[in-house]
Each structure stands twice: as C-alpha cells, then as structure tokens.
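Asker: I'd like to ask some things about the structure below.
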Amino acid sequence: MKQEKELPGTQSVQRALMVLEALATSPGGMGVTELAVALGLNKSTAHRILGALLARGYAERAPGGANYRLGLRVVELSSLRLNHLELKTEAAPYLRALLGATGQPVHLATLMDTEAVYIDKVETVSSMRMYSQIGRRAALHCTSVGKSLLSGLSPAELMRLVRMLPMNARTPRTITSPEELIRQIDETRARGWAVDDMENEPGVRCVGAPIRDYRGQVIAAVSTSGPAAQLTPARDPDTARHVLEAA
C-alpha cells in the first residue's frame, strides 16, 4: 500500500497535539525540559510550541510559573462541542411544542464567528417557505436569533463584534447603524426576547430568545417566524411568551 506523503506543517500540528495530550495527563503541569524529554523533542521546539499554545489560550502557566498546564480555551472548545451534541437532541420536543403553540416555523441557532448558524428547524407542511435551512448561516444584525445571541455578550464583546459586522441592508427595514443595533440588543437583554421586523426577509417577522446553559451563558437561540400579516407587532408579547418558555 502506497504511503501518503505528509503535508507541509503536519509534523508541527502533530507535535502540538502531543504537547496538549501530555499536559492533559499532568494535573500539576509540566516544565519545558520535562515535556521535551517525555515527547522526544528538542527543548527549543517544545518551548516554541508552548509559546504558540499560550498565545491562543490552549496552555497557561501553572501556579508558581515554572510549569505549564492546559488552558481554558481547551475547556471552552470542549463545552461548545458538548453543547452542540446535546442541544439539538434536548431541544427537539420544545421546538415541536413551540411549533404547535404558534403554528409557525421554528429555528434553533448558535453563534459561529460573526454569524448565526441554524442547527435545527421544524415546520408544518403548509408553512410559508423561508430562506432558511439547517446549516445555513444568517446575519446577526437583522435576525431575531442573531440579536438574541448578541444579547449574551458583554458590552465590550458586543462592541468588538459589532465593529466587525458588515451590516448590509437585506430589506428597506434592515438596521445598518451600529448604534441602533446596540440599542436593540440592550432592549433585548431587558425584556428577554428579540424581534426581526421584516429586516431579513420582506414580509417576514420573527420573535426569538436566547438559550442559556447551566452557567447562565447564552449558547444558542430559538425563534419562530411567519408572515408579517400573522405575526403582527400586537401579537409579539404573546408570541414571545411561547418563545421564552421554549428557550
């Protein structure tokens, strides 16, 4: 069997993973020399890898400063993966219940970089066709799931992310002002739910709310969407009650 050639940089990735695995098995942490000996690396190579891991938060200095241990970034990634694995399964009955309560399509979404990603959707056969599907990304500034996800950020994180958003106009009602978006996020935090008032698709309104984990951190958002003639502003409080209950 012909052996495949390693891609450039593969060896560096392998070594970095070896360092992470070694740190994971040492609760008290490991020093550079100890790591180098254990993994058969040059001390300078081990030091260089640790520097890269430190810069990205995947490693940190243990108390005392001589040793290194796993960083919180590893825990964060693990939590995100576990949340995504469990979230869709755990959410399924609540999404169906929300569909039954509103009669309108229901979406489940998570934050990825500077966009929301739909990870589940339930709808009736007669539901209005919408520009959404599982795996599709959605803008944060003009969707109720996007605003709900943004409401979980700290003021500093929100300001940083808003500066990165293109905030393109999808409809004549799309918010394109960072100041107005931040004002709406503050309003979302205060009342617990967000509205997309024909900002993402003409003639479509959505009401969404953030989903929090056991720490109170926003990990996802749920929304219901439908024709503006049916999901009128007057119905928002009642619709929001169902969405909040599902969330």
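The values are calculated or read from the model by the stated rules, or taken from the named source; none is laboratory data. Computed from a predicted model, the values in this text were never measured in an experiment. Virtual Cβ from ideal backbone geometry, glycine too; neighbours counted across all protein chains shown. These accessible areas exclude ligands, DNA and RNA; they are computed on the full protein's heavy atoms, side chains included. Shrake-Rupley method; radii C 1.70, N 1.55, O 1.52, S 1.80 Å.
Asker: Per-residue accessible area for residue 88 at 1.4 Å probe radius, Å² rounded to 10?
Answerer: Around 80 Å² of this residue is reachable by solvent.
Asker: While we're on this one: Treating only the Cβ atoms of Lys and Arg (+1) and Asp and Glu (-1) as charged, compute the dipole magnitude of the chain about its Cα centre; round to the nearest 20 debye.
Answerer: 500
Asker: OK, next. Could I have the simple spin-label model distance between residue 76 and residue 190, label points 7 Å from Cα toward Cβ, reported in nm to one decimal?
Answerer: 3.0
Asker: Averaged over every viewing direction, what's the projected area of the C-alpha convex hull for segment 131-247? Give it in nm², one decimal, please.
Answerer: Numbers: hull surface 28.9 nm².
The number I arrive at for segment 131-247 is 7.2 nm².
Asker: Which listed residue (194, 184, 63) has the Cα farthest towards the positive end of the charge dipole for the chain, taking +1 on Lys and Arg C-beta and -1 on Asp and Glu C-beta about the Cα centre?
Answerer: Result: 63, furthest along the dipole toward the positive end.
Asker: Only helical DSSP H runs with n ≥ 4 go in: add -39500 (n - 2.57) per run for the chain, normalise by residue count and round the 222 nm mean residue ellipticity to 500 deg cm²/dmol.
Answerer: Theoretical 222 nm ellipticity from helices: -14500 deg cm²/dmol.
Asker: Any chance you could run the full-extension gain for residue 14 through residue 56? It's 0.36 nm times the residue separation minus the Cα-Cα distance, nm to one decimal.
Answerer: Between residue 14 and residue 56, full extension yields an extra 13.4 nm.
Asker: Using 0.36 nm per residue, how much length does the chain from residue 88 to residue 48 gain when fully extended, once their Cα-Cα distance is taken away?
Answerer: Extending this stretch completely gives an extra 10.5 nm.
Asker: Something else now. With a Cα-only, solvent-free Debye model of segment 84-123, what are the log10 I(q)/I(0) values at q = 0.17, 0.33 Å⁻¹?
Answerer: Taken in order of the listed q values, log10 I(q)/I(0) reads -0.45, -1.08.
Asker: Grab the Cα-Cα distance for residue 124 and residue 66, subtract it from 0.36 nm times how many residues apart they are, and report the gain in nm with one decimal.
Answerer: 14.9 nm
Asker: Protein chains only, probe 1.4 Å: how do 107, 242, 47 rank by accessible area, largest first?
Answerer: Details: 107 5, 242 40, 47 110 Å².
Result of the area sort, largest leading: 47, 242, 107.
Asker: Dipole magnitude of segment 130-187 about its Cα centre, charges +1 at Lys/Arg Cβ and -1 at Asp/Glu Cβ only, in debye to the nearest 20?
Answerer: 280
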